[in-house]
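A short worksheet on the structure shown next.
The values are calculated or read from the model by the stated rules, or taken from the named source; none is laboratory data. Nothing here was measured: the structure is a model prediction, and the numbers come from that model. Backbone-built Cβ (ideal geometry, glycine too); neighbour counts: all protein chains shown.
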Amino acid sequence: MTQYVIRRILYLFPVLIGVSLITFVLMRMVPGDVAQVALGTNATEESLTQFREAYGLNEPLFDWKPPFGQYGQWVGGLMKGDFGKSYYYRTEVRDDLAQRLPVTLELMVLAMAVMVVLAIPAGIIAGVRPNSPLDLVMRTTAVFGLSIPGFWLGTMFIMLPAIWFNWMPPTGHISFFSDPLGNLQQLALPALALGIPGAAGIMRLTRSSVLEVLRQDYVRTAWSKGLRERTVIMRHVLKNGLIPIVTIVGLQMGALMGGALIMERIFSLPGIGMFTYQSILTRDYLGVQAIVVLAAVVYVFVNLAIDVSYAWLDPRIRYT
C-alpha cells in the first residue's frame, strides 16, 4: 500500500507539468493585450512598454537559456510557492487564493454533503424496494434533477425567495466563526443548487449498485440466516455496493469545481470561481494558471484517497 501511494504521488509531477504547459499555452492564445487591459485604453505606448518590462511580458514564452523564458520563470516560482503577481490587481496571486479559497472549499463541502445526504439514502430505499411507488417517485425525482441545469436552479433560488418572501441571501462573505447562522443563510442555497444535479446521478447509481449486490449469494445466505433487514442492508449490501458510489463521488469533485465558478457568480460569492471569472476577463494569466494547477492537485489527491478507500471497503482488493 505504501509503495502504491508513493507511486501515485510521483505521478502528480508529470500531470502538473502537462496541466501547467497546456494552460500556459492556451492562455497566451486568448486574444487581447494584457498590458492594454491592465492599464486601460488611454495608456500611452511608453507606459505599456514599461508595464511589459516590469512583468516580463516582453520575454520569449520558452527559452533554452536561464531563466527559460516566461514559462520557466513561472514554474520556478511555483516550486518556491510563489504564484506571481496579478497583472490587473497588482496583488500577489498567492494572497488572493488564500483569501478566496476557504469560500470555495466551504461551498464544495456543503454541496458534497447535499449530494451524499440526499442521494445515498434515497438510492438505498429505491434499491431495496424496486418497482414500488416509492421507487417510482425516487427515480422520477432523479430524472428531474438530472434535467435541470445548475445555473437555472441557482437563478430560481435567488428570484423566487425575493418574489415570494422579499428575501435574498446576503452578498459578500460571512465567516462561519463570526456568524454561523449568517454563513449558512449565505451558502445554503448555492450549495443546494450545486449539489442537487450531482445528487440525482449518485442516487441512480446507488440504486443500481444496491440491486446488483442484493442478487449476490452472500446476501441470500444472510437472508437465510434470519438476519434483520437493517443488518443485511447495512452490513452486507451497503459496504459492498459503495465502491462505484465512492468513485462517482470523487469524480464529482471536478464538476463541483466547475460549478462553483457559476454559482459564485450568480450569488456574488468572493471565492475561487469569481476570481477565475475576473481573471479570464482581465487576461490575468497568472491567476488562471495558478487556479488550474491548484485544481489539478486537489483532484489528484481526492482520487488517490478514493483509490486507497477501495481496500477498506473490499478486503479482496490489494495494492502491490
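One residue stands out among those in the stretch 23-49 that are assigned to a helix (DSSP H, G or I) and of a type in the set (Ser, Thr, Tyr): the one that is farthest from residue 296 (Cα to Cα), which is 47.
Scanning the stretch 50-77 for residues that are loosely packed, with under 13 Cβ neighbours inside 10 Å and in a helix (DSSP H, G or I) gives 53, 54. Taking the numbered list (1) farther than 17 Å from residue 194 by Cα; (2) among the polar types (S, T, N, Q); (3) not in a helix (DSSP H, G or I) in turn, residue 303 passes all entries but (3). Looking at 200, 260, 255, which is the one that is within 24 Å of residue 139 (Cβ to Cβ), buried (at least 22 other Cβ atoms within 10 Å of the Cβ) and out of contact with any strand residue (DSSP E or B) (no Cβ under 8 Å at 6 or more places or on another chain)? 200 is the lone residue from the list that is within 24 Å of residue 139 (Cβ to Cβ), buried (at least 22 other Cβ atoms within 10 Å of the Cβ) and out of contact with any strand residue (DSSP E or B) (no Cβ under 8 Å at 6 or more places or on another chain).
Scanning the stretch 52-73 turns up no residue that is closer than 13 Å to residue 287 by Cβ, within 30 Å of the chain's Cα centre (by Cα) and either not assigned by TED's automatic domain parsing to the domain that holds residue 16 or not β-branched (Val, Ile, Thr) (or both). Taking the criterion of being of a type in the set (A, V, I, L, M) and crowded, with 20+ Cβ neighbours inside 10 Å, the residues of the stretch 267-286 that qualify are 269, 272, 274, 286. Among the residues of the stretch 231-252, the one identified as β-branched (Val, Ile, Thr), crowded, with 19+ Cβ neighbours inside 10 Å and touching a Ser or Thr at 6+ places or on another chain (Cβ under 8 Å) is 245.
Of the set (1) surrounded by 14 or more Cβ atoms within 10 Å (Cβ to Cβ); (2) among the aliphatic types (A, V, I, L, M); (3) more than 19 Å from residue 244 (Cβ to Cβ), all apply to residue 143 but (1). Tallying residues that are surrounded by fewer than 12 Cβ atoms within 10 Å (Cβ to Cβ) and assigned to a loop (DSSP other than H, G, I, E, B) within the stretch 155-187 yields 6. Checked against (1) over 27 Å from residue 104 (Cβ atoms); (2) assigned to a loop (DSSP other than H, G, I, E, B), residue 270 meets all criteria but (1).
Would you check if residue 98 is aliphatic (A, V, I, L, M) and either under 24 Å from residue 247 (Cβ atoms) or surrounded by 21 or more Cβ atoms within 10 Å (Cβ to Cβ) (or both)? For residue 98, the condition - aliphatic (A, V, I, L, M) and either under 24 Å from residue 247 (Cβ atoms) or surrounded by 21 or more Cβ atoms within 10 Å (Cβ to Cβ) (or both) - is not met.
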